[in-house]
Amino acid sequence: MSGSIEERNRRLERLDERVAQLIAFYADLPNPDAMVYELWTAKDVLAHLTFWHESFARNVRDLANDVKPTPLKGKLGDLNQVGVDEMRPCTLETVIQRFQTAHRTIRENILNPKIGLIPYRKGSLDYTPEEHLQVVLDHITKHLGDVRKACG
């Protein structure tokens, strides 16, 4: 990883493209209740991605504003399910809006040169901004592929 602002910007641009694809796909999704995984619908998958995007957004906003971040605490599987469960009562439109709001916060803060390492969750490794952007891009790409397969 180069750690340069230029590299960070390139990764942000790639993430922006993938986020646009994700939002466009979900905006036209005929059946958000289609099962994608054994226990998760297409809407649940977006809730999962939104939960983690909101965490990433909080952490980078805090770091950019000289506030000590408060990363998520708990086992990965438990956190994944908590995020889905918390958003189940929300409409698909609300989940999309929350994802877009989190992404705006990331965009507004991630290029701040004072951001060094970003916490992911308590007890796990911290990532450089470039690494974190790549992890998020890969995560969204994987789940979007699975949702596209399941929902046509």
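The values are calculated or read from the model by the stated rules, or taken from the named source; none is laboratory data. No experiment lies behind these values; they were computed from the predicted model shown. Cβ coordinates were reconstructed from backbone atoms using ideal geometry, including for glycine residues, and neighbour counts include every protein chain displayed. Ligands, DNA and RNA are stripped out before the accessible areas are found, and what is left, the full protein with its side chains, is counted by its heavy atoms. Shrake-Rupley method; radii C 1.70, N 1.55, O 1.52, S 1.80 Å.
Checking the conditions here, which among R121, R148 is open to solvent by 60 Å² or more (accessible area, probe 1.4 Å) and either closer than 21 Å to E13 by Cβ or of a type in the set (K, R) (or both)?
Of R121, R148, the one residue that is open to solvent by 60 Å² or more (accessible area, probe 1.4 Å) and either closer than 21 Å to E13 by Cβ or of a type in the set (K, R) (or both) is R148.
Restricting to segment 60-80, and then to whatever is over 15 Å from the mean Cα position of the chain (by Cα) and among the polar types (S, T, N, Q), can you tell me which residue is modelled with the lowest pLDDT?
Filtering first and then ranking leaves T70.
Do you know which residues across segment 74-88 are under 10 Å from D44 (Cβ atoms), loosely packed, with under 13 Cβ neighbours inside 10 Å and touching a Lys or Arg at 6+ places or on another chain (Cβ under 9 Å)?
The answer is R88, and nothing else.
Mind telling me which of the residues I96, I106 ends up being assigned to a helix (DSSP H, G or I), modelled with pLDDT of 95 or more and touching a Lys or Arg at 6+ places or on another chain (Cβ under 9 Å)?
None of the other options fit; the residue is I106.
Could you tell me how many of the residues in segment 40-71 are open to solvent by 60 Å² or more (accessible area, probe 1.4 Å) and under 23 Å from V135 (Cβ atoms)?
Residues that pass the stated criteria total 6.
Please go through segment 124-135 and give me each residue that is among the aliphatic types (A, V, I, L, M) and open to solvent by 20 Å² or more (accessible area, probe 1.4 Å), ordered by number.
Those that are among the aliphatic types (A, V, I, L, M) and open to solvent by 20 Å² or more (accessible area, probe 1.4 Å): L125, V135.
Out of (1) open to solvent by 30 Å² or more (accessible area, probe 1.4 Å); (2) of a type in the set (S, T, Y); (3) under 23 Å from T128 (Cα atoms), what's the single condition that is false for Y37?
(3)
State which residue pairs qualify: first residue farther than 21 Å from L144 by Cα and inside segment 6-20, second residue assigned to a helix (DSSP H, G or I) in any location, beta carbons under 7 Å apart, and separation of 6 or more residues or different chains.
These pairs meet every condition: E7/E130; R8/P129; R8/E130; R8/L133.
Conditions: (1) among the hydrophobic types (A, V, I, L, M, F, W, C); (2) in contact (Cβ under 8 Å) with a residue 60 or more places away in the chain; (3) out of contact with any Ser or Thr (no Cβ under 7 Å at 6 or more places or on another chain). L63 meets all but one. Number of the miss?
Unmet for L63, out of (1) among the hydrophobic types (A, V, I, L, M, F, W, C); (2) in contact (Cβ under 8 Å) with a residue 60 or more places away in the chain; (3) out of contact with any Ser or Thr (no Cβ under 7 Å at 6 or more places or on another chain): (2).
Among (1) touching a His at 6+ places or on another chain (Cβ under 9 Å); (2) assigned to a loop (DSSP other than H, G, I, E, B), which single condition is S124 missing?
(1)
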